[in-house]
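Here is the structure we will look at.
The values are calculated or read from the model by the stated rules, or taken from the named source; none is laboratory data. Here the structure is a predicted model, which is why all the values come from computation and not from measurement. Neighbour counts are summed over all protein chains in view; Cβ atoms, including those assigned to glycine, are modelled from backbone coordinates with ideal geometry.
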Ligand SMILES: [Co+2]
């Protein structure tokens, strides 16, 4: 859940506005952006939305298979303020950004975790995994992602943890739900899941002062073969990336194996979103690239980070919705993602969310 290319202004106003220009929202959608005259992103196959808002339908998705293009459910800039005290009991230990929205300053040093931190990260990783298992059972037709968010938040709170995404940079919900053409950071909403959807649920929990982060893409009802293949290959790409990890291995190995596997099977890898170090901070150094790269850095025992490749059917370039969060493919193709938090050990890795 991090976008490195514009790390300095990552979810800043400037970036949102910049991206909204690229968001191809029509005048009828976005009166404040009068220069937009034609829709690309918001071309939709949802007829009712098209009729209501005059969205120009025009994507040809047939090359990508049979599925519904997901479009914004709310025509609003930004997101609502999070009322943390109404959602989270006072007994829950909260990360500092729960009230300030701002995470700590990015530290370029990669931290080595001690025994105590590792024990805590095992517990947060286990809770994240268990929450993801619950999410799997909830991804069924007619369930809305908002209902899923509610149930998962309750599960996390009942375990004594805080749902890390909530109010991180102002993110309005407890989990990210990214359906079909949504690459990541999808905000739970009132759209009911449909048979044929693929949905990534990204869970991060903050327990005993440390975060655990994991995600998976689930099939809803009957998914077409192209969708199933995408999900299957993305899972394999994560597994290959994890197999490449170990003590004294260059971080760039991860991207090398994932990118080669993806392109061999006709998929592109998102370069815009990366894995990340994790621990007391939700996002720490290093950034983990999943595409072929020459970044410096060697894995060392005691490091903890995520591997979370995103594979796309088409071109892996993205646009941002007016909400300032939801990142979608520009060409309307589907994307899938899987993620684990891992620890580098003296003789290999330990999957903390496995
Ligand atoms: Co992550």
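Numbers below:
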| item | result |
| --- | --- |
| Hits in the range 258-270 - residues which are surrounded by fewer than 19 Cβ atoms within 10 Å (Cβ to Cβ) and not in a helix (DSSP H, G or I) | 265, 266 |
| Top-ranked residue of the range 282-306 - restricted to ones that are surrounded by fewer than 19 Cβ atoms within 10 Å (Cβ to Cβ) and more than 23 Å from the chain's Cα centre (by Cα), ranked as nearest to the ligand (Cβ to nearest atom) | 297 |
| Counted residues, the range 58-69 - those being closer than 18 Å to residue 228 by Cα and in a loop (DSSP other than H, G, I, E, B) | 6 |
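Condition check ((1) within 16 Å of the ligand (Cβ to nearest atom); (2) at pLDDT 95 or above; (3) surrounded by fewer than 22 Cβ atoms within 10 Å (Cβ to Cβ); (4) in a loop (DSSP other than H, G, I, E, B)) across all residues:
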| site | (1), (2), (3), (4) |
| --- | --- |
| 216 | yes, yes, no, no |
| 221 | no, yes, yes, yes |
| 230 | no, yes, no, no |
| 240 | no, yes, yes, no |
